Amino acid sequence: KNKSSPLSNFDLVKSYLLACASGIGLSAGIQMWGESMGARRSSMAATVVRSGAPFVGCVGAGWASLISMRFDELRNGVYLFDREGVQYGKSRIAAREGIAKCCAARVFWNIPALVFSPILLNYYYRTAFHAANPKMLIPINLLVSTSMVSLGVYPAQAVFTQQAEIPASRLEPEFHALGVENFYFNKGL
């Protein structure tokens, strides 16, 4: 969340419910689509589609939550500053760019947990160690899942700096003739 826009408890709950509904809806929809593909096409294509359902559901939930929580920024803009920290007003174009970068980060941070974890765990389930130590199932799942979340979230947040820079030429016309070549804004997380 960008600190320049307050968030009420109502907005937080609304965002949470929207994220849950979006994630479940997308996942269930893709699962059903994959099931219907199984009858018409190769089972491999249907398996790939069904396997992607959790990823699409998580990314969609993240996007829905992000856009819901930061909708006021899309409507009103985010504050722009010059290099010295002087504030020049709000830009909706900068808000859109910041939120788009946050949406991209949510795609990146879900890849290790939702793509690599199932592959690694599927490989683990076929090992002799797993067969000989079934009580290790939960600890191994926890270790792999936690590692993949850590591997995804922190680097994904670092892909785009929180203090973003945008040329004045890409902003609304009122920022073009202020004598500032590049503006800065808080992109948020």
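Summary of values
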quantity	calculated
Selection within the stretch 31-50 - open to solvent by 80 Å² or more (accessible area, probe 1.4 Å) and either assigned to a helix (DSSP H, G or I) or within 30 Å of residue 177 (Cα to Cα) (or both)	32, 33, 35, 39, 40, 43, 44, 48
So residue 94, is it more than 20 Å from residue 156 (Cβ to Cβ), at pLDDT below 90, out of contact with any His (no Cβ under 7 Å at 6 or more places or on another chain) and among the small types (Gly, Ala, Ser)	no
Count - residues of the stretch 98-126 that are open to solvent by 50 Å² or more (accessible area, probe 1.4 Å) and within 17 Å of residue 54 (Cα to Cα)	9
Pair list, Cβ < 8 Å and 6+ apart or interchain, from the stretch 82-100 residues that are closer than 16 Å to residue 174 by Cα to residues that are loosely packed, with under 11 Cβ neighbours inside 10 Å and basic (Lys, Arg)	92/75
Pairs, first closer than 17 Å to residue 119 by Cβ and of a type in the set (A, V, I, L, M, F, W, C) in the stretch 130-154, second open to solvent by 50 Å² or more (accessible area, probe 1.4 Å) and outside any loop (DSSP other than H, G, I, E, B), C-beta under 6 Å, six or more apart	144/120; 148/116
Looking only at the stretch 127-145, and only at residues there that are over 28 Å from the mean Cα position of the chain (by Cα) and of a type in the set (A, V, I, L, M, F, W, C), the one that is farthest from residue 53 (Cα to Cα)	132
Residues (part of a helix (DSSP H, G or I) and basic (Lys, Arg)) located in the stretch 76-117	92, 96, 101, 106
Some residue of the stretch 157-168 being open to solvent by less than 60 Å² (accessible area, probe 1.4 Å) and in a helix (DSSP H, G or I)	yes
Residue in the stretch 171-181 that is open to solvent by 80 Å² or more (accessible area, probe 1.4 Å) and assigned to a helix (DSSP H, G or I) present	yes
Residue satisfying condition, being modelled with pLDDT of 95 or more and on the phi < 0 side of the Ramachandran plot, within set 151, 143	143
Check on residue 24, open to solvent by 90 Å² or more (accessible area, probe 1.4 Å), within 20 Å of the chain's Cα centre (by Cα) and at negative phi	yes
Residues of the stretch 70-97 satisfying the condition of being of a type in the set (S, T, N, Q) and either touching a Cys at 6+ places or on another chain (Cβ under 8 Å) or open to solvent by 70 Å² or more (accessible area, probe 1.4 Å) (or both)	76, 87
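The values are calculated or read from the model by the stated rules, or taken from the named source; none is laboratory data. Quick caveat: nothing in here was measured; it's all calculated off a predicted structure. Heads up, the Cβs are rebuilt from the backbone with ideal geometry, glycines too, and the neighbour counts pull from every protein chain shown. The area values use the complete protein model at the heavy-atom level, side chains included, leaving out ligands, DNA and RNA. Shrake-Rupley method; radii C 1.70, N 1.55, O 1.52, S 1.80 Å.
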